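Everything below concerns the one structure shown next.
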Amino acid sequence: MRHHTTFRQLEIFEAIARLGSFTRASEELFLTQPTVSMQIKKLSEAVGVPLLEQVGKKMRLTTDGQELALATREIFDILDRYTMSVAERQGLKQGHLSLMAITTASYFAPRLLGEFARLYPGIDVSLRVTNKEQVLASIAENLDDLYFLGQPPEDIDVVATPIMDNPIVVLAAPDHPLARKKNISLQRIAQEPWLMREKGSGTRNAIERRFAEASIVLRPRLELGSNEAIKQAILAGLGISALSRHTLTLNQPGQFAVLDVAGFPILRHWYAVYPAGRQLSVVARAFLDYLLGKQGEPVDGHARPS
C-alpha cells in the first residue's frame, strides 16, 4: 500500500531541489538530516519512482524529480497566491516577499526594503545578493518574486520595469591630476590606467561600448571582481575606473573625485524583473508600486548632478 504524499515532504523536497544539498535543506527547515532523508524516502515511495540520484559526490534530480520540483513550485505558488489574497483582504498585514539582486544593487536595495518593511511590518522580507549568473539562473527557474538587475536578460522572457536611474560615472582619487579639469575627452581619459570589472559585467560592457563608439579600445591595467576592490585600488593610486554612482552610497562626500568626462555619466537604469509567465503576488505588486512611487528620488547622500 502506497503512502500519501504530505505537504511537509514536498516542502523538504523543494528545499533540496533548490539548494542542491540535504545538509543545507535541513538547516533551512530546522530539521535533522535523518528526518530529511526519511521524508524524501517516503516521498519517493509515495510517487513510485526515484527522485534523486548520486553522481560521484554530487546529488542531482532525476527526470521525474525535475518534473516534481516544477509541480511543487506551482503548488506553492498557488498556495502563496491564496495566502496573499487573504492578506490583501486583511490590508497587507502579512505575507512574504522574496527578492534577489546583483551585487551592485546591494548599495541601495536594503534601504528601500527597510522602508517598505516599516510600512508593512507584518510582511516577511528576504533579499539575496549574488552574481549575475546566479540571478539569471534563478529567474529561469522562477524562484523569487522580483529581481534587481542593471540590464534585463535578453534570452529569458521577462517583464522588466525601470525603477531607478543608474548613472555610471568616472571615479579617481581626490588628488588625481584630472580631478579639477573640465570636459576631459575620451581620448585623454583612455590614456589613464583603467581598473575594470570582469568580462561580462554590465557596467564594463556599457563603458566599452561608450569608448567603441569613439573608435577607442580600452585596455584595463587591472581586472577586479568587485566594486569595493576597484574603489580600494583607486584610492591606492593604481588607476581610475567608472562605476555606478550608487557605489558611493557608503562613502563620505569628497572621498572620491567624480571626473568631468565627455560622454559621461552613462545613463542606465535599475530594473525590477520577473519572469513573463509569473503572476505577481499581492505583496510583490505592492512593493513594485512602492518602487515606482520612489522613482526620481536620490538613493544616497550625494546630490544628483543637475
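The values are calculated or read from the model by the stated rules, or taken from the named source; none is laboratory data. Source: prediction; values computed, not measured. Ideal geometry is used to build each Cβ from the backbone, glycine not excepted, and the neighbour counts take in all protein chains shown.
Some values worked out for this structure:
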quantity	calculated
Hits in the stretch 130-157 - residues which are surrounded by fewer than 18 Cβ atoms within 10 Å (Cβ to Cβ) and part of a strand (DSSP E or B)	Thr130
Residue within the stretch 83-103 that is in a helix (DSSP H, G or I), outside the structural domain of Thr249 (by TED's automatic domain parsing) and at pLDDT 85 or above present	no
Output for the stretch 230-247, where each listed residue is under 23 Å from Ala109 (Cα atoms), modelled with pLDDT of 90 or more and not hydroxyl-bearing (Ser, Thr, Tyr)	Ile230, Lys231, Gln232, Ala242, Leu243, Arg245
Output for the stretch 246-270, where each listed residue is among the aliphatic types (A, V, I, L, M) and assigned to a loop (DSSP other than H, G, I, E, B)	Leu250, Leu259, Ala262
Among (1) touching a Gly at 6+ places or on another chain (Cβ under 9 Å); (2) modelled with pLDDT of 90 or more, the one test that Val47 misses	(1)
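Per-residue answers, yes or no, for (1) touching a helix residue (DSSP H, G or I) at 6+ places or on another chain (Cβ under 6 Å); (2) modelled with pLDDT of 95 or more:
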{"position": "Arg180", "(1), (2)": "no, no"}
{"position": "Trp194", "(1), (2)": "no, yes"}
{"position": "Gly200", "(1), (2)": "no, no"}
{"position": "Ala206", "(1), (2)": "no, no"}
{"position": "Leu218", "(1), (2)": "yes, no"}
{"position": "Leu224", "(1), (2)": "yes, no"}
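Results for (1) out of contact with any Lys or Arg (no Cβ under 9 Å at 6 or more places or on another chain); (2) among the aliphatic types (A, V, I, L, M), shown as yes or no for each residue.
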{"residue": "Leu143", "(1), (2)": "no, yes"}
{"residue": "Pro162", "(1), (2)": "yes, no"}
{"residue": "Ala172", "(1), (2)": "yes, yes"}
{"residue": "Lys182", "(1), (2)": "yes, no"}
{"residue": "Ser185", "(1), (2)": "yes, no"}
